[in-house]
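Working notes for the structure below.
The values are calculated or read from the model by the stated rules, or taken from the named source; none is laboratory data. From a predicted model like this one, the values you see are computed outputs, not experimental measurements. Quick reminder, even Gly has a Cβ in these numbers, built from the backbone with ideal geometry, and neighbours come from all protein chains shown.
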């Protein structure tokens with residue numbers, strides 16, 4: 001995180017954000033949509049993930065969901081799923097952290113898929129509005145949290161004990177882990193991710209809504 005703000009990424013990202021809307025006067029909607037999504041991937045990869053719990057360092061807020069959601073808002077839900085899968089493949093190829101990724105990434109795909117789906121169902125093919133986006137974000141965050149509680153209980157906790165030699169039941173306690181770590185973390189993550197995506201949506205609302213209306 002510190003490296004991002006003290007490296008050439010800061011200047012390049014600022015330049016990209018300042019110039020991005022000017023690019024949309026030159027090409028058609030589909031080209032512009034993919035260009036904006038690609039620009040977001042460049043920016044987000046400079047930030048990467050941020051852990052919010054130093055003891056359980058696998059609890060990280062992953063900002064790469066932001067371009068996934070923006071892409072879905074501009075294109076459609078199926079395209080959002082495709083971007084999510086592409087993002088996940090890139091994470092495995094470029095930022096593989098071993099067992100944590102092999103166990104955590106499938107959960108992340110499901111959880112982010114739930115969040116994405118709920119938001120897009122709330123928005124639908126209707127006019128993109130801030131009100132619908134906020135409602136979808138709230139419901140999506142609840143869905144994300146419920147999904148992660150279930151996945152941790154039936155999938156992650158047993159696999160971490162088996163393959164990472166980290167028995168959460170013995171060291172923390174399953175109830176404590178789910179109630180005081182998984183639930184708060186995912187509520188915070190959902191709020192932060194949708195808030196960041198919302199700021200991007202508001203800043204580029206004209207571009208996003210024009211592209212959405214032309215392609216849907």
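Some values worked out for this structure:
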| item | result |
| --- | --- |
| Enumeration of residues in the stretch 124-159 that are in contact (Cβ under 8 Å) with a residue 60 or more places away in the chain and closer than 24 Å to residue 187 by Cβ | 130, 133, 134, 137 |
| Residue match in the stretch 136-149 (condition: more than 21 Å from the chain's Cα centre (by Cα) and either modelled with pLDDT under 95 or in a helix (DSSP H, G or I) (or both)) | no |
| Residue 128 assigned to a loop (DSSP other than H, G, I, E, B), within 23 Å of the chain's Cα centre (by Cα) and under 30 Å from residue 73 (Cα atoms) | yes |
| Some residue of the stretch 73-95 being exposed (fewer than 15 other Cβ atoms within 10 Å of the Cβ) and closer than 17 Å to residue 212 by Cβ | yes |
| Evaluation of residue 74 against (1) within 30 Å of residue 202 (Cα to Cα); (2) at pLDDT 90 or above (one fails), failing number | (2) |
| Evaluation of residue 202 against (1) in contact (Cβ under 8 Å) with a residue 24 or more places away in the chain; (2) in contact with a helix residue (DSSP H, G or I) (Cβ under 6 Å, 6 or more places away or on another chain) (one fails), failing number | (2) |
| Failed item, numbered, when residue 104 is tested on (1) closer than 27 Å to residue 215 by Cβ; (2) under 17 Å from the mean Cα position of the chain (by Cα); (3) surrounded by 15 or more Cβ atoms within 10 Å (Cβ to Cβ) | (1) |
| In the stretch 176-216, the residues that are crowded, with 16+ Cβ neighbours inside 10 Å and in a loop (DSSP other than H, G, I, E, B) | 204 |
| Residue in the stretch 161-175 that is in a helix (DSSP H, G or I) and in contact (Cβ under 8 Å) with a residue 40 or more places away in the chain present | yes |
| Filter result for residue 68 (at pLDDT 90 or above and within 14 Å of the chain's Cα centre (by Cα)) | yes |
